[in-house]
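Heads up, the thing below is written out as structure tokens.
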């Protein structure tokens, strides 16, 4: 039996932004399998899109792993985890992640990383093959390549790292995005009748990224992640006279600071994403739209986690988000004229968990809430999407821990606000179900 007082170190009660950064990178690496594809006029980091259900965001907060769960995952070289949960009557959100490492010699390894992601924001399988070599104590370099079914959306990169994520590190990385694109697009142009759009890069983008993880200093630790996708420029051709140019930029940044002691862990986070698209017709083109898309999200977070008595854990999560999404220009697609969507959101996740940390039954009671504050005004679209001001639910979970690194859990939610949508005549009490599994070795 574990002692009544369990330290944050012993139970891995730390948060991390490294899994969030990996998710953001997937949007950049694999544009072709984001919602709308590589040439979608709505840009890159879309927090809101047309097909979203009214409770889509609170669904994901309920179903997905927390940054504390991410901490153990990102510090394991081998494992598999998956979450899946109901999005509506027909569809599930499913994200599964597999990774494995094979030692080639005492100082080199070959790593495989694969993510299957099927949600309303992405539908992708992205594989990453990585060769890594340690040259001296704490000095590591590696090369990697992405895999997916779209030839022109393949990427190659390399990185240098000093230290480790457990003891403190700095990692710098660059990715050459879409490196075979022009070759495959030129080939496709010979069979233009089979393809709707032929795209040729005039200026190919790169992604530069940085990770900083501090060592533990007097019960404090911190992380910083950041990335910049350089400006890309490409010509797109639909017909001989329908041609236009896309220019795109993007960046992201995140920071975490955390304090822990044997009883509690407290952390603050900041996350930002930004992307911009400018689309204009080429000379002599009959393509009418001349517009730009501009998106930014700033999120501020707080979390606290502590063990109360033996096997009882309390967690509190808060996120405040400011989101802006606009289309501007002389002409925008039909239905989007004057589109200037701005919204503030507050999300809450409170949990009481029973877990013996080694082996046995797991259970929990959770409260989730989302408060939306859309901007009002003549050029805003506060109800452009099928959304609600308030979403609240109670979630009940039960599962089993097979060993400290292997558990599975299922949950079901009760709609605390008894909302009515989709023209239902009765209050809907059932609010979705989900499952999670995680194993590392």
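Every number here is computed from the coordinates shown, using simple stated rules; none is lab data. Remember, predicted model here, so these are calculated numbers, not experimental data. Positions of Cβ are generated from backbone atoms using ideal geometry, with glycine treated the same way; all protein chains shown enter the neighbour counts.
Annotations
- Most mobile listed residue (136, 304, 19) in the chain, GNM with C-alpha springs under 10 Å: 136
- Between residue 361 and residue 76, the distance separating the two model label sites (each 7 Å from Cα on the Cα→Cβ line) works out to 2.4 nm.
- With Cα atoms, 0 to 90° folded angle of helix 18-29 axis to the chain main axis: 20 degrees
- A Förster radius of 45 Å combined with the Cβ-Cβ distance from residue 167 to residue 197 puts the calculated FRET efficiency at roughly 0.40.
- Neighbour-count order for 132, 288, 334, fewest beta carbons within 10 angstrom listed first: 334, 288, 132
- Take the Cβ atoms of residue 242 and residue 184, set R0 to 35 Å, and the FRET efficiency comes out at 0.95.
- Paramagnetic label zone (point 7 Å from Cα along Cα-to-C-beta, residue 206; backbone N under 16 Å) in the range 159-192: 159-160, 172-180
- For 308, 177, order by how many other beta-carbon atoms lie within 10 Å, fewest first: 308, 177
- D (Stokes-Einstein, µm²/s), Kirkwood Cα radius, the chain, 1.002 mPa s at 20 °C: 91 µm²/s
- Cα→Cβ-extended label distance, 7 Å offset, between residue 151 and residue 112, nm: 2.5 nm
- Each helix, a run of at least 4 DSSP H residues, gives -39500 (n - 2.57); summed and divided by the residues of the chain, these come to -2500 deg cm²/dmol at 222 nm.
- Note on 240, 202, 258: ascending count of other Cβ atoms within 10 Å places them as 240, 202, 258, the fewest first.
- If R0 is 51 Å, the Cβ-Cβ spacing of residue 174 and residue 417 corresponds to a FRET efficiency of close to 0.65.
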